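What follows draws every value from the coordinates through simple rules; no lab data is involved. The shown structure was predicted, so the numbers you read here are calculated from the model rather than taken from an experiment. Cβ sites come from the backbone with ideal geometry, for glycine too, and all protein chains shown count toward neighbours.
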């Protein structure tokens, strides 16, 4: 197993002024499953490629298992990478694809055969060893790519959006297989995705990236419940978090958030503030007891219903409600915030407080 430490790494590509990666420093512990998530262009894949040695940092250092690998080629870093497009050799059998890296390292043929059979059996592809990649489904090809990485027994596995080409059902199944694989192997895994569901369900810690920087690195539930920045709050979660613009006013031990919704908050005095609250932390009440609004859309999803309300003043609110009777489109309702679940961000998008009951 190997830890991975990034020491203020940055990457600027020729001809562009902006940094694709801008001063990322973090440590991924031995045996950890870490996921980098963020929108397209945020720098997550560039970070992964620098760890792999496929890109050279403009500045900063990379350490694997305490060894400075910044200037080493990929073959000398003791890593294995699984790509989005599988990168299988079409003219080779599954057996030959899995064992290719071992043959390049001149591992004895008997040992290669034993290791290939063992890994193929663990991934449920033993019966496909004599087939070609074109004879396999997308999910089966992805397992072959995984087997080729696992058979090398590297210190670190790197995954570059490996499930994005699979349909939803196979993607969910393979997600579970990867988590179980990590538990069995105990090897350090670093996974890049734009899919927050993958990040939240697979990771032990999630690194949320935006414009080349890591906005937050924390366990998934901490990222969801206490986003460090307004970007993280808005990016993580579906339906997206509710955002209400306003300001905070002085008022004794706590301040009053003054906007489309009003409640007491433990936060500094701010002329520009944003209150956020997850859809499941908004409740329907009588219009006289909460912020009044008009129901604009009802989305029944079986076990739950998503309700969209346009509040007086024009701001939108989204509520996640349990299945059951709900107001009809066009009706007037009241919306109340569960104060302890509300978070306050300043004008720079930094978390500075939360609601108080």
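Highest mean first, how do 294-301, 134-141 rank when packing is the count of other Cβ atoms within 10 Å averaged over residues? Write down the numbers at each step before the final one.
Working: 294-301: 13.5, 134-141: 15.5.
Result, highest mean Cβ count within 10 Å first: 134-141, 294-301.
On full extension of the chain, what length is gained from residue 63 through residue 226, given 0.36 nm per residue of separation minus the C-alpha to C-alpha distance?
Working: separation 163, 0.36 × 163 = 58.68 nm, distance 2.98 nm.
That works out to 55.7 nm of additional length.
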| request: Determine the distance separating the Cα centre of the range 324-349 from the Cα centre of the range 208-249; give it in Å without decimals. | output: 17 Å
| field | Per residue Cα convex hull volume in Å³ - calculated over the range 94-198 | value | 103 Å³
| said: So for the range 166-230, considering every pair of alpha-carbon atoms, how many percent are separated by more than 16 Å? | reply: 51 percent
| note | On the formula 1/(1 + (r/R0)^6), with r taken between the Cβ atoms of residue 297 and residue 40 and R0 of 25 Å, the FRET efficiency rounded to 0.05 is 0.35
| said: Let me understand the range 249-357 better: what is its radius of gyration from the alpha carbons, and its Dmax, in angstrom? | reply: 14.5, 44
| Cα→Cβ-extended label distance, 7 Å offset, between residue 131 and residue 29, nm | 4.0 nm
| request: Grab the DSSP H runs of the chain that are 4 residues or longer, score each as -39,500 (n - 2.57), total them, divide by all residues and round the 222 nm result to the nearest 500 deg cm²/dmol. | output: -7000 deg cm²/dmol
| remark: With label points set 7 Å from each Cα along the Cα-to-Cβ direction at residue 289 and residue 350, the distance between them in nm comes to 3.8 nm
| Simple spin-label estimate for residue 13 and residue 114 in nanometres, 7 Å along Cα-Cβ | 4.6 nm
| field | Hull shadow area, averaged, the chain [alpha-carbon convex hull, nm²] | value | 22.0 nm²
| Estimated FRET transfer efficiency (residue 195, residue 249; beta-carbon r; R0 30 Å; 0.05) | 0.15
| If you line up the long axis of helix 138-150 against the longest principal axis of the chain, both from Cα atoms, how many degrees apart are they, to the nearest 10? | 70 degrees
| Net lengthening on full extension, residue 89/residue 172 (0.36 nm per residue, minus Cα-Cα) | 27.3 nm
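Which order do the peptides 27-35, 156-164 come out in when sorted by mean C-beta neighbours inside 10 angstrom, highest first?
Details: 27-35: 18.6, 156-164: 22.3.
Ranking, from highest mean packing down: 156-164, 27-35.
At 0.36 nm per residue, minus the direct Cα-Cα distance, what do residue 328 and residue 105 gain on full extension? Give it in nm, one decimal, please.
Values: separation 223, 0.36 × 223 = 80.28 nm, distance 6.68 nm.
My answer for the length gained is 73.6 nm.
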| task | Specify, per residue and in Å³, the volume enclosed by the convex hull of the alpha carbon atoms belonging to the range 47-131. | result | 130 Å³
| What angle do you read, to the nearest 10 degrees and between 0 and 90, between the alpha-carbon axis of helix 94-104 and the longest principal axis of the chain? | 70 degrees
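Let me have the relative contact order for the chain, percent, based on Cα pairs under 8 Å that are six or more residues apart. Walk me through the numbers before you get to the answer.
On the way: 784 pairs, mean separation 54.8, N = 357.
So the answer I get is 15 percent.
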| request: Report, to the nearest 10°, how far helix 168-185 tilts away from the longest principal axis of the Cα atoms in the chain, using its own Cα long axis and a range of 0 to 90°. | output: 70 degrees
